[in-house]
Amino acid sequence: MTIQTTKRIDAISMPQATPALLHQGYLPDDNGHAVYFSEHGNASGPASVVLHGGPGSSCNLSMLDWFDLSRQRVILLDQRGAGKSLPTGGLSQNTTADLVSDLERLRQSLQIARWSVVGGSWGSALGIVYAGSFPQVVSSLILRGVFLASQREMHWFFQSLAALVPQAWRQLTLAWTSQQKCNVLQSLTALLHNGTLAEMQDAAQRWNDYEAAIMQAMTGLPSSHRSSDLEKLTSKYRLQSHYLSQHCFLKTRAVFRHARAAGKVPTVIVHGTHDWICPPENVIHLQRFMPDAAVRWVEKGTHTTSDPAICAALREAVRDMLEYS
């Protein structure tokens, strides 16, 4: 497979569906990965990088709505194996440390002295680890729907949430043995990595349907999270299980140690009071290590950025953090 180097693209020639596109390309590494990224907005403005959730999801253009593209330079990137990055679903040499390295190599490649880091869900944990590793290059940190990659959170999502979405959890674990039901993440990981193609696709579809049901129950609205693209779903959830089953390749309390190291970076935390995916208690735990962070609770806010209240709070946080750029 030939890896294309980055190239400049004339924003005027791009379709309107790609707002203010300045530059897009791939950042290759020595292990066969090529991370896709795109730059949008004002090339001379203060830079921000957006870290998507998952792991295994990707960035999308709706994330640009949080920024003033007439003033800001925004970098979207798909993490290793995710979205447009190559190889699709690649698991080899794909750990949190690799993602942090990619971020720093991309910053240097784009000749950005300092940038704001905006991370949501899994992207918030990645943002904390990156900011703790390179605090001198992070002008500000904006965290949405805080995820800490803990065993407590894995148990909450895959086991305890059964109390709130019993029918969805029953469908997720339908025809499983009692032993399989006792550790849903382990069971899904085994199917996604060691099962037949049919078993892998079935596990991915079940996981996706479970998440969609949670989102619908949480927001009260039909979820756009549900998808029928089995190839895409299987790749996404194989990558997600690769991370979650290994506690995102972070040692015990590693996120907190990085949070303490990033403690002097101006930080805003945006979290919904009705977030079922990443429980609000995560913020309380994180505050112990980032006492100077400004916490902005979104009353009745959920986990998704399609929630108007969450989106509005993110826009406000991005605007407020411009003073540190």
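No lab work stands behind these numbers, since they all come straight from the coordinates. Only a predicted model underlies this, so the values are computations on that prediction, with no experimental measurement involved. Positions of Cβ are generated from backbone atoms using ideal geometry, with glycine treated the same way; all protein chains shown enter the neighbour counts.
Counting 0.36 nm for each residue step from Asn60 to Tyr324 and taking away their Cα separation leaves a gain of 92.5 nm. One chain, two ends: Leu230 and Asn194. Fully extended at 0.36 nm per residue, the span grows by 11.3 nm beyond their Cα-Cα distance.
Listed peptides 143-150, 78-85 appear in the order 143-150, 78-85 once ranked by packing, highest mean of other Cβ atoms within 10 Å at the front. Calculated from the structure at hand, Rg and Dmax of the Cα atoms in Å is found among (1) 20.6, 60; (2) 30.4, 87; (3) 19.1, 58 as (3). Length gained on full extension, Ser178 to Ala162, computed as 0.36 nm times the residue gap minus the Cα-Cα distance: 4.3 nm.
Can you list the lysines whose alpha carbon sits under 23 Å from that of Lys84, skipping same-chain ones fewer than 8 residues off? The reachable lysines, counting only those whose Cα sits under 23 Å from Lys84, are Lys7, Lys232, Lys236.
Computed from the Cβ-Cβ distance with R0 of 45 Å, the FRET efficiency linking Lys300 to Arg105 stands at 0.65. Cross-link reach is defined here as a Cα-Cα straight distance under 18 Å, omitting same-chain residues fewer than 8 places apart; for Lys251 the aspartates and glutamates meeting it are Asp98, Glu153. The distance from the alpha carbon centre of segment 115-180 to that of segment 198-213 is 18 Å, rounded to a whole number. Placing a label point 7 Å from the Cα of Asn31 along the Cα-to-Cβ line, the residues of segment 55-70 whose backbone N sits under 18 Å from it are 55-57. As a length-normalised measure over Cα pairs under 8 Å and 6 or more apart, the relative contact order of the chain settles at 17 percent. Charge dipole of segment 152-247 (Cα centre as origin; +1 on each Lys and Arg Cβ, -1 on each Asp and Glu Cβ, all else neutral): 140 debye, rounded to the nearest 20.
For the peptides 40-53, 293-306, the ranking by mean Cβ contacts within 10 Å, running from highest to lowest, is 40-53, 293-306.
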